[in-house]
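These notes are about the structure you will find just below.
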Protein chains: 2
Amino acid sequence: MSPTPQTLTAERILEATEEVLRRHGPAKATVVDVARALGVSHGSVYRHFRTKAALREAVTKRWLDRTTQVLAAIVAAPDLDPETRVREWLAALFAAKRRKAFDDPELFATYTVLTTETAETVVGEHIAELTGQLTEIVRTGVAAGAFTAEDPAVTAGALFRATDRFHDPHYAREWEQPDVEGDFEALVDLLLRGLRTRG
Amino acid sequence: MSPTPQTLTAERILEATEEVLRRHGPAKATVVDVARALGVSHGSVYRHFRTKAALREAVTKRWLDRTTQVLAAIVAAPDLDPETRVREWLAALFAAKRRKAFDDPELFATYTVLTTETAETVVGEHIAELTGQLTEIVRTGVAAGAFTAEDPAVTAGALFRATDRFHDPHYAREWEQPDVEGDFEALVDLLLRGLRTRG
């Protein structure tokens, strides 16, 4: 049954877009493809997304936001000591990326193409949100006296870049290596030693 | 004038191979292309390199080794304190990669293709050499009491991966960003704090 125009929300369109991408790869998912998949006129999709670029940006942002939301819970979790919060946040980012890469490799490959082709702002904003979360974690640790960081935003940027290997899709193939967990732990240990306030 | 067989060393063949790659890109540089560029029979090139794969591996290794040699001088330099040695080594690696990327972008692009297509052992051995040098630097710092590292090889691996952003060709476009020097310094500062022995 086709949805009535009333039920055709932006979220339903984005769900359908992701399904089109999953089945047909990054070349597909124009407004017309998605309208056809939903059994609605392309006019009703255009009412929500004016262009193919806008639709693809929105679906990419939705995919990236799923990770951001998981990580926000760690930023907000009460009763975590600062080091544990850094460790859990970095581990959750790595785990989220690995799940995306391995549980649904076609969709991951598709989104990897989309993130390079959509406006850089979508990815830029995603990275800014992630480093913003890390900044918050570092700042809380400094306030608690656990961390030393002259400028928490600069330190958060350094932490994010230092762990590229464990969240940049470029390295997805490495995430299957047997040593990857140990490599991740060794790196996080070194970074936490760097953050820690000296007694 | 064509070289006589006596003067046709492996090094001369590799120089010519690099010139063929620079002019014609990664698709070229077969044994026959290189023989033609040198004005010799392909039989004389085959005497040094039995296959196209062997030739391409050797020229890739030669390109990578140029960086390794520059860095080896920093490992061996007398009278550097351990932190300065780490900082200079990482900065020299970054500088060498940037020079390769910007001074001769076509050749850099070509070698980037070659490193993904040649036997993984060539790149693997290069990375093992580099992390071996870093291990030596960390070990010396531990012996001097300046660094704390349970296993210098593990720590060296962490340092190398932490700085992927500043040596992996994947990030070459980022190396032109105005903030890149500051980002590099912030990361190295954090890593050095992690290495430093606590008083």
Next on the checklist: Consider segment A:51-94. How many of its residues are touching a helix residue (DSSP H, G or I) at 6+ places or on another chain (Cβ under 8 Å), open to solvent by 40 Å² or more (accessible area, probe 1.4 Å) and among the β-branched types (Val, Ile, Thr)?
Outcome noted: 2
Next on the checklist: I need the full set of residues from segment B:19-50 which are crowded, with 19+ Cβ neighbours inside 10 Å and within 25 Å of B:Leu93 (Cα to Cα), in order please.
Outcome noted: B:Leu21
Checklist entry - Does segment A:13-28 contain any residue that is assigned to a helix (DSSP H, G or I), of a type outside the set (A, V, I, L, M, F, W, C) and either closer than 23 Å to A:Gly157 by Cβ or touching a residue at least 60 places away in the same chain (Cβ under 8 Å) (or both)? => result yes
Checklist outcome for this item: Expected output for segment A:131-156 (first residue under 16 Å from A:Ala76 (Cβ atoms), partner part of a loop (DSSP other than H, G, I, E, B) and at pLDDT 95 or above, Cβ below 7 Å, 6+ apart or cross-chain) is A:Val138/A:Ala149
Checklist entry - Is there a residue being without any contact (Cβ under 8 Å) to a residue 40 or more places away in the chain, closer than 22 Å to B:Thr163 by Cα and assigned to a helix (DSSP H, G or I) anywhere in segment B:56-66? => result yes
Checklist entry - Out of segment B:166-178, which residues are at the interface with chain A (Cβ under 10 Å from one of its Cβ atoms) and under 18 Å from B:Thr131 (Cα atoms)? => result B:Phe166, B:Asp168
Checklist entry - Just a yes or no: is a residue in segment B:104-118 open to solvent by less than 40 Å² (accessible area, probe 1.4 Å), more than 11 Å from the chain's Cα centre (by Cα), among the hydrophobic types (A, V, I, L, M, F, W, C) and more than 26 Å from B:Val180 (Cα to Cα)? => result yes
Checklist outcome for this item: Only one of (1) in contact with a Phe, Trp or Tyr (Cβ under 9 Å, 6 or more places away or on another chain); (2) in the same structural domain as A:His126 (by TED's automatic domain parsing); (3) closer than 30 Å to A:Glu176 by Cβ; (4) not aliphatic (A, V, I, L, M) does not apply to A:Arg87, and that is (1)
Checklist entry - Mind checking which residues of segment B:119-165 are open to solvent by 10 Å² or more (accessible area, probe 1.4 Å), within 13 Å of chain A (Cβ to nearest Cβ) and among the acidic types (Asp, Glu)? => result B:Glu120, B:Glu150, B:Asp151
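Does segment A:179-198 hold any residues that are more than 7 Å from every other protein chain (Cβ to nearest Cβ) and either free of Cβ contacts under 8 Å to residues at least 24 places away in the same chain or open to solvent by 60 Å² or more (accessible area, probe 1.4 Å) (or both), and which are they?
At the first step, the residues of segment A:179-198 found to be more than 7 Å from every other protein chain (Cβ to nearest Cβ) are A:179-182, A:184-185, A:188-189, A:192, A:195-197.
Residues satisfying the conditions are A:Asp179, A:Val180, A:Glu181, A:Gly182, A:Glu185, A:Asp189, A:Arg196.
The values are calculated or read from the model by the stated rules, or taken from the named source; none is laboratory data. Since this is a predicted model, take the numbers as computed values, not measurements. All Cβ positions, glycine included, derive from the backbone under ideal geometry; neighbour counts span all protein chains shown. With ligands, DNA and RNA removed, areas are computed over all heavy atoms of the protein, side chains included. Shrake-Rupley method; radii C 1.70, N 1.55, O 1.52, S 1.80 Å.
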